[in-house]
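> This is the structure I want to talk about, given as structure tokens.
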Amino acid sequence: MAARPAPPPLFLQPERREPASGRRRSIPSPPPAVPTPPRRRLMHTHLASAHGQPPPMNAEGGAATRLKPNGLHASWTTLTPRIHHASNYFWCLLADRGMRLLPERDAQLFLATVGHLIAGGDNHAGRTALLAAFAPTYRHLGLQPYHHQTLVDALTATVARHVPTTWTSTIAEQWRRHGHHVLNLTHRAAHRLTTTHPWTPAQIIDRDPATDTTTVLTLRPRRLQYEPGQALPVTTLHRPGAWRWYSPANAPRPDGTIELHVRAIPDGPVSPCLTHHAAVGEYVWLGPPYHAGLTLDPDHHGDLLLAAGGTGLAPLRAIVEHLTATSAASGRQRRVTLIVGARTLEDLYDSITLDTLQTTHHEWLTIRPTFTDDPLVDPAAQGDVLTAVLDHYRPGHHVHVAGPPALIDHARHRLPLAGIPADHLHLAETFTRPTSPAVEPTGGPRFSRRQDTTARRKAAPLR
């Protein structure tokens, strides 16, 4: 079949000028080696404990409230501004007691993680992201239950030393009791995971403020292997104690760099820091990648219908990039339709990259933008993402949808009712509901609600 002629760029409409904020700068050549992050420049992390005896990756918000007495929360809040000095004292206590499994460079991150596990807080997605990063690190360090007493004693002594004005014997007992609980929780999670890759630093080598609220960060991690469509937990030095899920926006590259698309969420703990304050040369920390509902089915080689809302474009763009390489190598060309939803044309932050993909691979790739609140665009481009999905769906398509939690919840109910088979529908995991990993046949962890629901029914409350 003869190749179709290349269509004109989709997003550079003649009646609308491409906003200056949408221009992408070129990424400078990376340095030959990644310098080691300065000692002590490690952030701390945040996670609330879970109810009862949960499966790994589960951290129920209700139980977190029960595990957050005022004394714990108040004492940890007082210590947090002194976390650097507190971590030095914590590590020295461990060394004096003969426990040398914890590297000194990780003492601040480890102390802050355990402290926030005990003190509680954050939403469910943040707690899940933190445990997804911390549990493999716990296992990588070789920690076991017989280390817990030493860890809890050192932690309690550290808090007592740095918050003497609010310290009481009651608070000390709370720290000991809940310290054992969260370490046991982490131990169970760690030894039911298939990954042992600890958290790893990644240097920011380029940042592109694509719009007023969205920034494209290019990172060079020390080590990271992932599949397009996976998600990984991320934290930053500017807001230590908070982890959030992000998906790489590119297929794996020879130089190892990855792109993160970050949209600032009002009052969010991580995204405003990454979009407005993170600078080139700084470090963020990444947990290991996890399957989150979007990776390609290895047994399906048919056509794909991809639909993205907002920065949900990131994992789907990574899938498209992956297909540009694998299709050429295998000789099998599958047609792909990518629907990109935005509120207005100015919110379509990655338009230049999308135009490049469309014009380069127009034989098999079709990109269709849709706008919900821009009366100046062509009427055919106005509408919501899910309506566009139903317009472009054909029997045999595998449909992948990524975007905000509201979009995913709507798609979960609307698309099956419209006739899309459940086994052909792949929705991005938003981590806003209880989840747990099940072992994939290939050995990778995937989140499974069914396993989590069964385990929570059997769980007993903390005594």
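> Going through region 113-140 one residue at a time, which ones are closer than 21 Å to I83 by Cα and not in a helix (DSSP H, G or I)?
G120, G121, D122
> Restricting region 393-407 to residues that are within 17 Å of the chain's Cα centre (by Cα) and open to solvent by less than 10 Å² (accessible area, probe 1.4 Å), which is nearest to H124 (Cα to Cα)?
The qualifying residue nearest to H124 (Cα to Cα) is A402.
> Something else now. Kindly list, by first and then second residue, each pair from a residue in region 362-380 that is of a type in the set (V, I, T) and surrounded by fewer than 17 Cβ atoms within 10 Å (Cβ to Cβ) to a residue that is outside any strand (DSSP E or B) and modelled with pLDDT under 95, limited to pairs with Cβ atoms under 6 Å and residues at least 6 apart or on different chains.
Hits for this filter: T372/R343; T372/D384.
> Starting from residues that are in contact with a Lys or Arg (Cβ under 8 Å, 6 or more places away or on another chain) and not hydroxyl-bearing (S, T, Y), keep the ones in region 217-257 and report whichever is farthest from T77 (Cα to Cα).
Among those that are in contact with a Lys or Arg (Cβ under 8 Å, 6 or more places away or on another chain) and not hydroxyl-bearing (S, T, Y), it is D255.
> Just to be sure I understand, how many residues within region 191-212 are modelled with pLDDT under 90 and touching a Lys or Arg at 6+ places or on another chain (Cβ under 6 Å)?
The qualifying residues number 1.
> Listed residues A189, A160; which is in contact (Cβ under 8 Å) with a residue 24 or more places away in the chain, part of a helix (DSSP H, G or I) and hydrophobic (A, V, I, L, M, F, W, C)?
After applying the criteria, what remains is A189.
> Here is a check on your reading of the model: is L102 in a helix (DSSP H, G or I) and either crowded, with 19+ Cβ neighbours inside 10 Å or modelled with pLDDT of 90 or more (or both)?
no
> Identify all residues within region 238-254 that are charged (D, E, K, R) and either open to solvent by less than 20 Å² (accessible area, probe 1.4 Å) or within 13 Å of the chain's Cα centre (by Cα) (or both); write none if there are none.
R244
> Give T158, T166 a once-over and let me know the one that is of a type in the set (V, I, T) and within 33 Å of the chain's Cα centre (by Cα).
T158
> Evaluate the following for V284: is it open to solvent by less than 30 Å² (accessible area, probe 1.4 Å) and in contact with a helix residue (DSSP H, G or I) (Cβ under 6 Å, 6 or more places away or on another chain)?
Considered against the rule, which asks whether it is open to solvent by less than 30 Å² (accessible area, probe 1.4 Å) and in contact with a helix residue (DSSP H, G or I) (Cβ under 6 Å, 6 or more places away or on another chain), V284 comes out as no.
> Sticking with this one: Hey, does region 306-326 have a residue that's of a type outside the set (S, T, N, Q) and assigned to a loop (DSSP other than H, G, I, E, B)?
Within region 306-326 (the criterion being of a type outside the set (S, T, N, Q) and assigned to a loop (DSSP other than H, G, I, E, B)), the answer is no, since none of the residues qualifies.
> Suppose we filter T257, T326, T337, T295 for residues that are within 28 Å of D374 (Cα to Cα), among the hydroxyl-bearing types (S, T, Y) and either modelled with pLDDT under 90 or open to solvent by less than 40 Å² (accessible area, probe 1.4 Å) (or both); which single one remains?
Of T257, T326, T337, T295, the one residue that is within 28 Å of D374 (Cα to Cα), among the hydroxyl-bearing types (S, T, Y) and either modelled with pLDDT under 90 or open to solvent by less than 40 Å² (accessible area, probe 1.4 Å) (or both) is T337.
> Go through region 202-239 and report how many residues are among the hydroxyl-bearing types (S, T, Y), out of contact with any Cys (no Cβ under 7 Å at 6 or more places or on another chain) and not in a loop (DSSP other than H, G, I, E, B).
Total satisfying the criteria: 4.
For (1) closer than 22 Å to T78 by Cβ; (2) open to solvent by 10 Å² or more (accessible area, probe 1.4 Å), each residue gets a yes or a no:
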{"residue": "H147", "(1), (2)": "no, yes"}
{"residue": "V152", "(1), (2)": "yes, no"}
{"residue": "T158", "(1), (2)": "yes, no"}
{"residue": "T166", "(1), (2)": "yes, yes"}
{"residue": "T170", "(1), (2)": "yes, yes"}
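The values are calculated or read from the model by the stated rules, or taken from the named source; none is laboratory data. Since this is a predicted model, take the numbers as computed values, not measurements. Glycine also receives a Cβ, built like all others from the backbone with ideal geometry; neighbour counts cover every protein chain displayed. These accessible areas exclude ligands, DNA and RNA; they are computed on the full protein's heavy atoms, side chains included. Shrake-Rupley method; radii C 1.70, N 1.55, O 1.52, S 1.80 Å.
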